[in-house]
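The values are calculated or read from the model by the stated rules, or taken from the named source; none is laboratory data. Everything quoted here is computed from the prediction, not taken from an experiment. In this analysis, Cβ positions are derived from the backbone assuming ideal geometry, glycine residues included, and neighbour counts consider all displayed protein chains. Side chains included, ligands, DNA and RNA excluded: accessible areas come from the protein's heavy atoms. Shrake-Rupley method; radii C 1.70, N 1.55, O 1.52, S 1.80 Å.
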Amino acid sequence: MGDSQKFHLGTIGALSLSVVSSVSIVICNKALISTLGFTFATTLTSWHLLVTFCSLHIALWMKFFEHKPFDASSVMGFGILNGISIGLLNLSLGFNSVGFYQMTKLAIIPCTVLLETLFFRKKFSRSVQFSLTILILGVGVATVTDLQLNALGSFLSLLAVLTTCVAQIMTNTIQKKFKVSSTQLLYQSCPYQAITLFIVGPFLDGLLTNQNVFAFAYTPQVLFFIVLSCLISVSVNFSTFLVIGKTSAVTYQVLGHLKTCLVLAFGYILLRDPFSWRNILGILIAVVGMVLYSYYCTLESQRKANEGSQQLPQTKESEVDPLLGVENGSGMLGEDSKVPVWNSNKDLHA
(Lines give C-alpha, C1' and ligand atoms only; values in the text may rest on other atoms or scores of the structure.)
Protein backbone atom coordinates (compact mmCIF):
# COMPACT_ATOMS: atom_id res chain seq x y z
CA MET A 1 0.00 0.00 0.00
CA GLY A 2 1.41 3.40 -1.03
CA ASP A 3 1.94 6.39 1.25
CA SER A 4 -0.95 8.24 -0.44
CA GLN A 5 -3.38 5.37 0.21
CA LYS A 6 -2.24 5.10 3.84
CA PHE A 7 -2.75 8.87 4.27
CA HIS A 8 -6.28 8.71 2.83
CA LEU A 9 -7.19 5.71 5.01
CA GLY A 10 -5.80 7.50 8.06
CA THR A 11 -7.83 10.62 7.22
CA ILE A 12 -11.04 8.62 6.74
CA GLY A 13 -10.41 6.85 10.05
CA ALA A 14 -9.84 10.16 11.84
CA LEU A 15 -13.03 11.67 10.36
CA SER A 16 -15.08 8.59 11.30
CA LEU A 17 -13.71 8.53 14.85
CA SER A 18 -14.48 12.24 15.25
CA VAL A 19 -18.09 11.85 14.08
CA VAL A 20 -18.87 8.75 16.18
CA SER A 21 -17.26 10.03 19.38
CA SER A 22 -18.71 13.55 19.08
CA VAL A 23 -22.26 12.37 18.46
CA SER A 24 -21.91 9.91 21.36
CA ILE A 25 -20.71 12.55 23.81
CA VAL A 26 -23.46 14.98 22.80
CA ILE A 27 -26.11 12.33 23.52
CA CYS A 28 -24.40 11.47 26.83
CA ASN A 29 -24.10 15.14 27.86
CA LYS A 30 -27.69 15.81 26.86
CA ALA A 31 -28.84 13.12 29.28
CA LEU A 32 -26.51 14.53 31.95
CA ILE A 33 -27.57 18.16 31.52
CA SER A 34 -31.21 17.99 30.42
CA THR A 35 -32.38 14.89 32.31
CA LEU A 36 -30.20 14.88 35.43
CA GLY A 37 -29.81 18.66 35.78
CA PHE A 38 -25.99 18.78 35.79
CA THR A 39 -25.63 22.11 33.94
CA PHE A 40 -21.95 22.86 34.70
CA ALA A 41 -20.61 22.59 31.14
CA THR A 42 -17.31 24.46 31.56
CA THR A 43 -16.30 22.56 34.69
CA LEU A 44 -17.25 19.29 32.99
CA THR A 45 -14.98 20.21 30.06
CA SER A 46 -12.05 20.76 32.46
CA TRP A 47 -12.64 17.23 33.82
CA HIS A 48 -12.69 15.95 30.22
CA LEU A 49 -9.26 17.45 29.60
CA LEU A 50 -7.83 16.14 32.89
CA VAL A 51 -8.97 12.60 32.05
CA THR A 52 -7.59 12.99 28.52
CA PHE A 53 -4.19 14.04 29.90
CA CYS A 54 -4.13 11.13 32.37
CA SER A 55 -5.06 8.69 29.59
CA LEU A 56 -2.30 10.03 27.33
CA HIS A 57 0.20 9.86 30.21
CA ILE A 58 -0.62 6.16 30.65
CA ALA A 59 -0.26 5.67 26.87
CA LEU A 60 3.15 7.41 27.02
CA TRP A 61 4.22 5.16 29.93
CA MET A 62 3.19 2.15 27.83
CA LYS A 63 5.26 3.59 24.94
CA PHE A 64 2.31 4.00 22.55
CA PHE A 65 3.80 7.32 21.44
CA GLU A 66 7.02 9.27 21.97
CA HIS A 67 7.23 12.43 24.06
CA LYS A 68 8.65 15.27 21.95
CA PRO A 69 9.15 18.52 23.89
CA PHE A 70 9.22 21.75 21.88
CA ASP A 71 8.79 25.50 22.40
CA ALA A 72 7.21 25.75 25.88
CA SER A 73 5.84 29.27 25.37
CA SER A 74 4.00 28.20 22.20
CA VAL A 75 2.46 25.20 23.96
CA MET A 76 1.39 27.29 26.96
CA GLY A 77 -0.10 30.05 24.81
CA PHE A 78 -1.89 27.52 22.63
CA GLY A 79 -3.33 25.62 25.61
CA ILE A 80 -4.54 28.75 27.41
CA LEU A 81 -6.07 30.15 24.19
CA ASN A 82 -7.92 26.86 23.70
CA GLY A 83 -9.30 27.02 27.21
CA ILE A 84 -10.36 30.65 26.78
CA SER A 85 -12.15 29.89 23.49
CA ILE A 86 -14.15 27.10 25.15
CA GLY A 87 -15.12 29.37 28.03
CA LEU A 88 -16.14 32.17 25.64
CA LEU A 89 -18.33 29.80 23.60
CA ASN A 90 -20.12 28.71 26.76
CA LEU A 91 -20.53 32.36 27.82
CA SER A 92 -21.88 33.16 24.36
CA LEU A 93 -24.54 30.49 24.78
CA GLY A 94 -25.38 31.83 28.25
CA PHE A 95 -25.79 35.47 27.20
CA ASN A 96 -27.47 34.89 23.82
CA SER A 97 -30.48 33.06 22.47
CA VAL A 98 -29.91 29.53 21.11
CA GLY A 99 -30.49 30.84 17.58
CA PHE A 100 -27.81 33.53 17.88
CA TYR A 101 -25.41 31.00 19.40
CA GLN A 102 -25.91 28.76 16.35
CA MET A 103 -25.18 31.76 14.13
CA THR A 104 -21.98 32.28 16.12
CA LYS A 105 -20.88 28.72 15.35
CA LEU A 106 -21.78 29.19 11.68
CA ALA A 107 -19.59 32.31 11.55
CA ILE A 108 -16.49 30.25 12.42
CA ILE A 109 -16.11 28.87 8.87
CA PRO A 110 -16.10 32.22 6.98
CA CYS A 111 -13.91 33.74 9.70
CA THR A 112 -11.41 30.88 9.38
CA VAL A 113 -11.37 31.23 5.59
CA LEU A 114 -10.77 34.98 5.94
CA LEU A 115 -7.93 34.57 8.46
CA GLU A 116 -6.19 31.86 6.42
CA THR A 117 -6.52 33.96 3.27
CA LEU A 118 -5.15 37.14 4.90
CA PHE A 119 -2.36 35.73 7.07
CA PHE A 120 -1.45 32.43 5.41
CA ARG A 121 -2.21 33.40 1.79
CA LYS A 122 -4.21 30.21 1.43
CA LYS A 123 -6.44 30.18 -1.64
CA PHE A 124 -9.98 28.81 -1.65
CA SER A 125 -11.48 28.23 -5.10
CA ARG A 126 -14.89 29.61 -6.01
CA SER A 127 -16.22 26.04 -6.08
CA VAL A 128 -15.13 25.43 -2.48
CA GLN A 129 -16.52 28.81 -1.40
CA PHE A 130 -19.83 27.97 -3.13
CA SER A 131 -20.08 24.58 -1.37
CA LEU A 132 -19.31 26.18 2.02
CA THR A 133 -22.04 28.77 1.42
CA ILE A 134 -24.60 26.02 0.72
CA LEU A 135 -23.47 24.13 3.83
CA ILE A 136 -23.78 27.21 6.09
CA LEU A 137 -27.21 28.02 4.58
CA GLY A 138 -28.46 24.48 5.23
CA VAL A 139 -27.25 24.32 8.84
CA GLY A 140 -28.69 27.80 9.41
CA VAL A 141 -32.11 26.73 8.13
CA ALA A 142 -32.01 23.59 10.30
CA THR A 143 -30.80 25.11 13.57
CA VAL A 144 -31.34 28.89 13.75
CA THR A 145 -34.77 29.69 15.19
CA ASP A 146 -34.55 33.14 16.75
CA LEU A 147 -32.03 35.97 16.65
CA GLN A 148 -32.31 38.02 19.82
CA LEU A 149 -29.43 40.50 19.92
CA ASN A 150 -27.78 42.23 22.86
CA ALA A 151 -24.52 44.18 23.08
CA LEU A 152 -22.74 42.01 25.67
CA GLY A 153 -23.80 38.74 24.02
CA SER A 154 -22.69 39.97 20.59
CA PHE A 155 -19.29 41.04 21.94
CA LEU A 156 -18.77 37.67 23.65
CA SER A 157 -19.76 35.87 20.44
CA LEU A 158 -17.25 37.92 18.43
CA LEU A 159 -14.46 37.04 20.88
CA ALA A 160 -15.54 33.37 20.85
CA VAL A 161 -15.40 33.20 17.04
CA LEU A 162 -11.98 34.88 16.82
CA THR A 163 -10.34 32.79 19.57
CA THR A 164 -11.83 29.55 18.23
CA CYS A 165 -10.63 30.26 14.68
CA VAL A 166 -7.10 31.18 15.80
CA ALA A 167 -6.89 28.19 18.14
CA GLN A 168 -7.96 25.73 15.44
CA ILE A 169 -5.62 27.24 12.86
CA MET A 170 -2.81 26.96 15.42
CA THR A 171 -3.59 23.26 15.89
CA ASN A 172 -2.68 22.65 12.26
CA THR A 173 0.18 25.16 12.14
CA ILE A 174 1.98 23.95 15.27
CA GLN A 175 1.91 20.32 14.13
CA LYS A 176 3.52 21.29 10.82
CA LYS A 177 6.01 23.83 12.20
CA PHE A 178 7.41 21.70 15.01
CA LYS A 179 6.81 18.37 13.23
CA VAL A 180 4.83 16.90 16.12
CA SER A 181 1.93 14.48 15.94
CA SER A 182 -1.59 15.25 17.10
CA THR A 183 -1.03 13.01 20.13
CA GLN A 184 2.19 14.79 21.13
CA LEU A 185 0.55 18.23 20.82
CA LEU A 186 -2.56 17.18 22.74
CA TYR A 187 -0.46 15.63 25.53
CA GLN A 188 1.58 18.78 26.06
CA SER A 189 -1.26 21.31 25.73
CA CYS A 190 -3.90 19.42 27.74
CA PRO A 191 -2.65 20.49 31.21
CA TYR A 192 -2.80 24.19 30.30
CA GLN A 193 -6.31 23.85 28.85
CA ALA A 194 -7.50 21.85 31.86
CA ILE A 195 -6.01 24.24 34.44
CA THR A 196 -7.47 27.28 32.65
CA LEU A 197 -10.97 25.78 32.60
CA PHE A 198 -10.66 24.28 36.10
CA ILE A 199 -9.95 27.76 37.49
CA VAL A 200 -12.59 29.71 35.55
CA GLY A 201 -15.13 26.87 35.15
CA PRO A 202 -16.87 27.00 38.55
CA PHE A 203 -17.05 30.81 38.33
CA LEU A 204 -18.53 30.80 34.80
CA ASP A 205 -20.95 27.98 35.60
CA GLY A 206 -22.06 29.78 38.77
CA LEU A 207 -22.58 32.98 36.78
CA LEU A 208 -24.67 31.21 34.14
CA THR A 209 -26.66 28.81 36.34
CA ASN A 210 -26.74 30.49 39.80
CA GLN A 211 -25.66 27.14 41.25
CA ASN A 212 -22.51 25.83 42.91
CA VAL A 213 -20.91 22.86 41.15
CA PHE A 214 -19.39 21.64 44.43
CA ALA A 215 -22.78 21.73 46.22
CA PHE A 216 -24.53 19.60 43.57
CA ALA A 217 -26.11 16.30 44.65
CA TYR A 218 -23.90 13.70 42.97
CA THR A 219 -26.09 10.59 42.75
CA PRO A 220 -24.69 7.30 41.39
CA GLN A 221 -26.53 7.94 38.12
CA VAL A 222 -24.96 11.40 37.75
CA LEU A 223 -21.51 10.03 38.55
CA PHE A 224 -21.96 7.25 35.98
CA PHE A 225 -22.77 9.70 33.17
CA ILE A 226 -19.92 12.04 34.24
CA VAL A 227 -17.42 9.16 34.06
CA LEU A 228 -18.88 7.99 30.74
CA SER A 229 -18.69 11.54 29.34
CA CYS A 230 -15.05 11.88 30.44
CA LEU A 231 -14.10 8.56 28.84
CA ILE A 232 -15.74 9.46 25.53
CA SER A 233 -14.04 12.88 25.65
CA VAL A 234 -10.63 11.20 25.33
CA SER A 235 -11.65 10.04 21.85
CA VAL A 236 -13.27 13.42 21.04
CA ASN A 237 -10.18 15.46 21.95
CA PHE A 238 -7.77 13.06 20.25
CA SER A 239 -9.80 12.92 17.02
CA THR A 240 -10.17 16.72 16.97
CA PHE A 241 -6.40 17.27 16.90
CA LEU A 242 -5.98 14.35 14.49
CA VAL A 243 -8.54 15.67 11.99
CA ILE A 244 -7.21 19.25 12.00
CA GLY A 245 -3.64 17.98 11.69
CA LYS A 246 -4.45 15.73 8.72
CA THR A 247 -6.83 18.15 6.97
CA SER A 248 -7.47 21.78 7.96
CA ALA A 249 -9.42 23.96 10.38
CA VAL A 250 -12.09 24.57 7.71
CA THR A 251 -12.58 20.85 7.06
CA TYR A 252 -12.92 20.27 10.81
CA GLN A 253 -15.69 22.90 10.96
CA VAL A 254 -17.46 21.26 8.01
CA LEU A 255 -17.25 17.97 9.91
CA GLY A 256 -18.65 19.74 12.97
CA HIS A 257 -21.76 20.79 11.05
CA LEU A 258 -22.20 17.21 9.83
CA LYS A 259 -22.19 16.18 13.50
CA THR A 260 -24.83 18.85 14.21
CA CYS A 261 -27.10 17.36 11.56
CA LEU A 262 -26.53 13.84 12.90
CA VAL A 263 -27.31 14.98 16.45
CA LEU A 264 -30.59 16.52 15.24
CA ALA A 265 -31.50 13.29 13.42
CA PHE A 266 -30.53 11.01 16.34
CA GLY A 267 -32.34 13.31 18.76
CA TYR A 268 -35.53 12.82 16.79
CA ILE A 269 -35.08 9.06 16.28
CA LEU A 270 -33.84 8.08 19.77
CA LEU A 271 -35.06 10.84 22.08
CA ARG A 272 -38.19 11.93 20.18
CA ASP A 273 -37.08 15.57 20.10
CA PRO A 274 -39.37 17.97 18.19
CA PHE A 275 -38.64 17.88 14.46
CA SER A 276 -40.11 19.93 11.62
CA TRP A 277 -39.96 20.06 7.83
CA ARG A 278 -37.64 23.04 8.23
CA ASN A 279 -35.14 20.82 10.08
CA ILE A 280 -35.37 18.18 7.35
CA LEU A 281 -34.94 20.76 4.56
CA GLY A 282 -31.97 22.36 6.31
CA ILE A 283 -30.25 19.01 6.87
CA LEU A 284 -30.74 18.05 3.20
CA ILE A 285 -29.28 21.38 2.01
CA ALA A 286 -26.35 20.99 4.42
CA VAL A 287 -25.66 17.44 3.18
CA VAL A 288 -25.58 18.73 -0.42
CA GLY A 289 -23.04 21.37 0.68
CA MET A 290 -20.90 18.73 2.43
CA VAL A 291 -20.94 16.44 -0.62
CA LEU A 292 -19.97 19.34 -2.90
CA TYR A 293 -17.20 20.41 -0.51
CA SER A 294 -15.77 16.86 -0.42
CA TYR A 295 -16.06 16.56 -4.22
CA TYR A 296 -14.32 19.88 -4.97
CA CYS A 297 -11.59 19.23 -2.38
CA THR A 298 -10.93 15.82 -3.96
CA LEU A 299 -10.74 17.38 -7.43
CA GLU A 300 -8.27 20.01 -6.22
CA SER A 301 -6.13 17.37 -4.51
CA GLN A 302 -6.01 15.32 -7.70
CA ARG A 303 -5.15 18.42 -9.74
CA LYS A 304 -2.26 19.30 -7.40
CA ALA A 305 -1.02 15.69 -7.53
CA ASN A 306 -1.09 15.76 -11.35
CA GLU A 307 0.77 19.07 -11.41
CA GLY A 308 3.41 17.61 -9.08
CA SER A 309 3.89 14.55 -11.32
CA GLN A 310 4.19 16.76 -14.43
CA GLN A 311 6.88 18.87 -12.76
CA LEU A 312 8.96 15.79 -11.90
CA PRO A 313 10.47 15.29 -15.43
CA GLN A 314 11.41 19.01 -15.50
CA THR A 315 13.24 18.57 -12.19
CA LYS A 316 15.23 15.64 -13.57
CA GLU A 317 16.23 17.67 -16.65
CA SER A 318 17.57 20.46 -14.44
CA GLU A 319 19.62 17.88 -12.52
CA VAL A 320 21.25 16.71 -15.79
CA ASP A 321 22.21 20.24 -16.83
CA PRO A 322 22.22 22.50 -13.77
CA LEU A 323 23.57 25.45 -15.75
CA LEU A 324 20.45 25.40 -17.89
CA GLY A 325 18.35 25.64 -14.74
CA VAL A 326 20.30 28.68 -13.58
CA GLU A 327 20.03 30.38 -16.96
CA ASN A 328 16.27 29.84 -17.01
CA GLY A 329 16.00 31.32 -13.52
CA SER A 330 14.81 28.07 -12.00
CA GLY A 331 16.15 26.67 -8.75
CA MET A 332 15.60 23.67 -6.55
CA LEU A 333 14.90 23.87 -2.84
CA GLY A 334 14.99 20.81 -0.63
CA GLU A 335 12.45 20.14 2.08
CA ASP A 336 14.85 21.57 4.68
CA SER A 337 14.83 24.91 2.87
CA LYS A 338 11.12 25.46 3.36
CA VAL A 339 10.44 28.01 6.07
CA PRO A 340 7.32 26.99 8.05
CA VAL A 341 4.69 29.65 8.49
CA TRP A 342 3.83 30.55 12.08
CA ASN A 343 0.91 32.45 13.43
CA SER A 344 -0.46 32.70 16.79
CA ASN A 345 -7.39 25.93 18.08
CA LYS A 346 -17.65 21.64 20.26
CA ASP A 347 -16.68 20.17 18.71
CA LEU A 348 -13.82 20.22 21.22
CA HIS A 349 -15.84 21.72 24.00
CA ALA A 350 -18.27 18.86 23.84
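Summary of computed values
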read-out	value
Single residue of Ile174, Ile195, Ile136, Ile199 found to be touching a His at 6+ places or on another chain (Cβ under 9 Å) and of a type in the set (A, V, I, L, M, F, W, C)	Ile136
Positions within segment 232-268 being of a type outside the set (S, T, N, Q) and in contact with a Phe, Trp or Tyr (Cβ under 9 Å, 6 or more places away or on another chain), in sequence order	Val243, Ile244, Lys246, Val250, Val254, Leu264, Ala265, Gly267, Tyr268
Criterion violated by Gly153 - all others in (1) loosely packed, with under 15 Cβ neighbours inside 10 Å; (2) part of a helix (DSSP H, G or I) satisfied	(1)
Count - residues of segment 186-196 that are polar (S, T, N, Q) and open to solvent by 10 Å² or more (accessible area, probe 1.4 Å)	2
Any helices (runs of 4 or more DSSP H) falling wholly within segment 1-111 and containing at least 3 residues that are modelled with pLDDT of 90 or more and hydrophobic (A, V, I, L, M, F, W, C)	41-61, 72-95
Cβ pairs under 8 Å, 6+ apart, first in segment 242-253 and within 17 Å of Thr117 (Cβ to Cβ), second open to solvent by 30 Å² or more (accessible area, probe 1.4 Å) and in a loop (DSSP other than H, G, I, E, B)	Val250/Phe124
Tally, over segment 25-46, of residues that are open to solvent by less than 10 Å² (accessible area, probe 1.4 Å) and closer than 20 Å to Gln193 by Cα	7
Those residues of segment 128-150 which are among the aliphatic types (A, V, I, L, M) and open to solvent by less than 90 Å² (accessible area, probe 1.4 Å), in sequence order	Val128, Leu132, Ile134, Leu135, Ile136, Val139, Val141, Ala142, Val144
Residue identified as surrounded by fewer than 16 Cβ atoms within 10 Å (Cβ to Cβ), out of contact with any helix residue (DSSP H, G or I) (no Cβ under 6 Å at 6 or more places or on another chain), in a helix (DSSP H, G or I) and at negative phi among Thr183, Thr117	Thr117
Residues satisfying the stated conditions in segment 156-174, i.e. more than 30 Å from Leu281 (Cα to Cα) and surrounded by fewer than 20 Cβ atoms within 10 Å (Cβ to Cβ)	Leu159
Residue satisfying condition, being open to solvent by 20 Å² or more (accessible area, probe 1.4 Å) and over 15 Å from the mean Cα position of the chain (by Cα), within set Ser97, Ser92, Ser125	Ser125
Ser229 being hydroxyl-bearing (Ser, Thr, Tyr), within 17 Å of the chain's Cα centre (by Cα) and in a helix (DSSP H, G or I)	no
Neighbours by Cβ (under 8 Å, 6+ apart or cross-chain): first from segment 274-296, closer than 15 Å to Thr260 by Cβ and open to solvent by 60 Å² or more (accessible area, probe 1.4 Å); second of a type outside the set (Lys, Arg) and part of a loop (DSSP other than H, G, I, E, B)	none
Pairs, first over 12 Å from Pro191 (Cβ atoms) in segment 49-78, second not in a helix (DSSP H, G or I), C-beta under 6 Å, six or more apart	Leu60/His67; Lys68/Val180; Phe70/Phe178
Segment 197-242: number of residues that are in contact with a Leu (Cβ under 7 Å, 6 or more places away or on another chain), more than 23 Å from Leu93 (Cβ to Cβ), of a type in the set (A, V, I, L, M, F, W, C) and open to solvent by less than 40 Å² (accessible area, probe 1.4 Å)	1
Failed item in (1) over 19 Å from Ala151 (Cβ atoms); (2) open to solvent by 20 Å² or more (accessible area, probe 1.4 Å); (3) in contact with a Ser or Thr (Cβ under 7 Å, 6 or more places away or on another chain), with Ala72 passing the rest	(3)
Hits in segment 79-88 - residues which are open to solvent by less than 20 Å² (accessible area, probe 1.4 Å) and either touching a Lys or Arg at 6+ places or on another chain (Cβ under 7 Å) or under 22 Å from Gln184 (Cβ atoms) (or both)	Gly79, Asn82, Gly83, Ser85, Ile86
Any hit, segment 264-274, residues being basic (Lys, Arg) and assigned to a helix (DSSP H, G or I)	no
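This table checks each residue for (1) of a type in the set (A, V, I, L, M, F, W, C); (2) more than 18 Å from Leu242 (Cβ to Cβ).
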| position | (1), (2) |
| --- | --- |
| Ser22 | no, no |
| Val26 | yes, yes |
| Thr39 | no, yes |
| Thr43 | no, yes |
| Cys54 | yes, yes |
| Met76 | yes, yes |
